[in-house]
Every structure is written in C-alpha cells, then in structure tokens.
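The next block holds one structure in the form of structure tokens; read it before the comments.
Please treat every number below as a calculation from the coordinates, not as lab data. On a predicted model such as this, the values are computed, not experimentally measured, just so you know. Quick reminder, even Gly has a Cβ in these numbers, built from the backbone with ideal geometry, and neighbours come from all protein chains shown.
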Amino acid sequence: MKIAFFDTKPYDRPSFDKYGSEYGITFKYFETKLNEDTVELAGGYDGVCAFVNDTISAEVIDRLVEMNVRVLALRCAGFNNVDMRHAYGRIHVLRVPAYSPYAVAEHTMALLLTSIRRIHKAYIRSRDFNFSLAGLTGFDLHGKTVGVVGTGKIGRVFIDICRGFGMKVLAYDKFPAADLDNGDTIRYVDLETLFAESDIISFHCPLTDDTYHLINKESLEKCKRGVVILNTSRGAIVDAEALLNGIKSRKVGAACLDVYEEESDLFFEDNSGHILEDDTLARLISMPNVIVTSHQAFLTEEALENIAQTTVENLVGFFKNNQCPNELCWRCEGAQDCRDGKCF
Ligand code: NAD
C-alpha cells in the first residue's frame, strides 16, 4: 500500500515510519498541504493521509476519485476541512477519533494558568533580571466557575482537571452525557446560563453549523465582565473580530487561543520573517492578556505515537479487512456528529 502523506512536519515521520514498516505501508511524504493545486501529487497512490489544515473540497475529492485514490485517512479527530456531503459515496474517509484527550485538555489548562498568573510576562521579565512583581497579580481558580462547551473526550478530561483545582463546572453539550451532571459541582445548563454565569469558558465541541461563531458580539454581551475565553477546539467557533472588540472594551479579561479562524495559511509554519497580513490576529497577539499557540495542543509524544498507530491500523483495516471502525459518514449522508463509528 502506498499512501501520499500531505503537510508533513519533521515530528510526523518517526512514528509513521515505525508503524508503516511494521504493517507494510509506504508513505511518500509531501511538505505541501493537500488542496486543489496539489492534488495531482496523489496520482498513483492507493490513499492520501491529511491533517487539519488540508483542504479536501469537492474539487479535490473528485480529482482523487478520478485518479483511483480510494481512501482519505485523516490523522486527526476533527473533519470540518472535508466536504463530507460530497465525499459520501465517492471516497472512504477514516479518522483518528481519539489519540490523547489529555494532551489537549492539559494544554488548555497550561494556557489558562499561564494567562491568569501572568507566567508569560514573568518569564520575559526574569530573563532580563527584572524581578518586579508590579502588574503580575492573578486570581485563584479555586471556587471559580468554568463553562465547558462540549463534554466529549477532551471536555471531560478538562472538567476533571478543573475539578482538581476546586472549580465549579457548568457544562453544555448537544448530546449530554448521562453520567456527568452530579447536581452540584458539575451541572448541565443551557448556553445562555453558561455564558451568563461562567468566569472562564472553554470550547471542546466540533466546528459545525451550530457551533460556528458561538462566541460573537451578542454572546459576549451575555458574559460576565472579565470572562476568560479558552479555545483549543477549532478557530471558527470564536468570531475573532468580536473577541478583539471584547478585549478592547475590557469585557473579555483574557483569551487563550490554540486555534484561529484563518489559521490555515499561518499556523505550523515559521512566518517570523514575513509581514503579517492578518490585522485581527496581529492585534490579538499584541494584547498583554491574549496568548496564542499555533494549534499545538495535540503535540505530545503520546499523541503522535497514537495518531500514527491508529492511522496505520485504519488503513490496514480498510485495505486488508475491508472495514474500519473509524470510518466517517459512509452510511450517514453528511452528518456532522460522528462519534465512535456511530452517526447522530
Ligand atoms: P468528542 O467527539 O469526544 O467530543 C465532542 C463533544 O462535542 C461531544 O460530546 C458532542 O456531543 C459535542 N457537541 C457536538 N455538537 C455540539 C454542539 N453544537 N454544541 C455543544 N456540544 C456539541 O471530541 P473530542 O475528542 O473531545 O474533541 C473535541 C474537539 O477538539 C474536536 O472536534 C476538535 O475540533 C478539537 N481538537 C483540537 C485539537 C488541538 O490540537 N487543538 C486536537 C484534537 C481535537
């Protein structure tokens, strides 16, 4: 089996080479992203392996099908970058539904602590032997209320971490879990209540039509003054322009973003020698109370190992056994909420 692997980074190759050679799969690594301009590179391969910022549009899918590429193996959980309606009936789409919810949840808490305890400021100061504490006052997480939108694998780990800090949890999910709400420290509420009563709001839901710009001008107006917004899910869940205005007006106390609406041409690349064209991102990054990491939350050794192993097992299951439990939307036309092989 020969697989064209797009958007390759140096940290991808060791684990994919290891599992690929174990299971007889050869990867051809391309640094370029998969999109309408690069899809020709997939000619002659049995499948393609893509990541979060590859563009798998109808045009790309049609060309893959014309070139007899039978399978798209996503090496990520989210699939908002795939035109699933168009893929239905044309190409098989596999994904890695879970690789380390701990990686993302722990990074979310790392961002929160860095932000509210001003670690990013203190680090720079002490490197310059500036040991002043002025302006570094934070606040305790203990006793604060965190709103968690999306109580799947990552959301639940994040809730556990927050409970460890003695925080109260208000949760919202389109499909609430039966065993999470304890009627006391963890409660499911509607979004209105979550926005109104949370000191910190963290997003762990997929990007869908329902969740697009969940944080916008109107929802921010419902939030507490000084609310901290955490987004390690998908950029377009937050309207970046509205967030920037919320920061400027002091309504938003801090924001931590591992994802950004327009990240695909910027994140994962060294743009340090370039003029940043995106004024909204530049202004957000310039704020003392905004922390941006470039879609890094997944990046742990454990996650990379699990991503490679599951992707290779998905491909082996598909090609050798003609089935894969992590196939998306082959049975359910265009459903957006596929979890654990089931479509809702
Ligand atoms: P999951 O499928 O286990 O959980 C997602 C939860 O969101 C589910 O409980 C689902 O019912 C809920 N949901 C669906 N639609 C909703 C809606 N409209 N409103 C509220 N909740 C809704 O997924 P997961 O593994 O926990 O991942 C969550 C998200 O994290 C992924 O969709 C992905 O976008 C993001 N992610 C980011 C990184 C990163 O590196 N930053 C890595 C992995 C995943």
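Of all residues in segment 158-178, none are in contact with a His (Cβ under 7 Å, 6 or more places away or on another chain), touching a residue at least 12 places away in the same chain (Cβ under 8 Å), within 6 Å of the ligand (Cβ to nearest atom) and outside any helix (DSSP H, G or I). Across segment 105-115, the qualifying residues are those that are crowded, with 20+ Cβ neighbours inside 10 Å and within 14 Å of Gly138 (Cα to Cα), and the one among them that is farthest from the chain's Cα centre (by Cα) is Ser115. Within segment 199-231, the residues that satisfy the criterion of being of a type in the set (Gly, Ala, Ser) and within 14 Å of the ligand (Cβ to nearest atom) are Ser202, Ser219.
For segment 97-126, the tally of residues that are part of a loop (DSSP other than H, G, I, E, B) and either among the polar types (S, T, N, Q) or within 12 Å of the ligand (Cβ to nearest atom) (or both) stands at 4. Only residues that are out of contact with any Cys (no Cβ under 8 Å at 6 or more places or on another chain), within 16 Å of the ligand (Cβ to nearest atom) and part of a helix (DSSP H, G or I): list them for segment 127-157, please. Residues satisfying the conditions are Lys153, Ile154, Arg156, Val157.
His92 meets all of the listed conditions (1) within 14 Å of the ligand (Cβ to nearest atom); (2) touching an Asp or Glu at 6+ places or on another chain (Cβ under 7 Å) but one, namely (1).
Is there any pair with a first residue in segment 95-106 that is in contact (Cβ under 8 Å) with a residue 40 or more places away in the chain and a second that is among the aliphatic types (A, V, I, L, M) and more than 9 Å from the ligand (Cβ to nearest atom) whose Cβ atoms are under 8 Å apart and which are 6 or more apart or on different chains, and what are they? Listed pairs, sorted by first residue: Arg95/Ala73; Arg95/Leu74; Arg95/Leu328; Val96/Leu74; Val96/Ile307; Tyr99/Ile307; Ala105/Ile161; Glu106/Ile161.
Per-residue answers, yes or no, for (1) closer than 26 Å to Pro288 by Cβ; (2) crowded, with 17+ Cβ neighbours inside 10 Å; (3) not hydrophobic (A, V, I, L, M, F, W, C):
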{"site": "Leu136", "(1), (2), (3)": "yes, no, no"}
{"site": "Lys144", "(1), (2), (3)": "yes, yes, yes"}
{"site": "Gly155", "(1), (2), (3)": "no, yes, yes"}
{"site": "Lys168", "(1), (2), (3)": "no, yes, yes"}
{"site": "Pro176", "(1), (2), (3)": "no, no, yes"}
{"site": "Thr193", "(1), (2), (3)": "no, no, yes"}
{"site": "Ser198", "(1), (2), (3)": "yes, yes, yes"}
{"site": "Asn216", "(1), (2), (3)": "yes, no, yes"}
{"site": "Asn231", "(1), (2), (3)": "yes, yes, yes"}
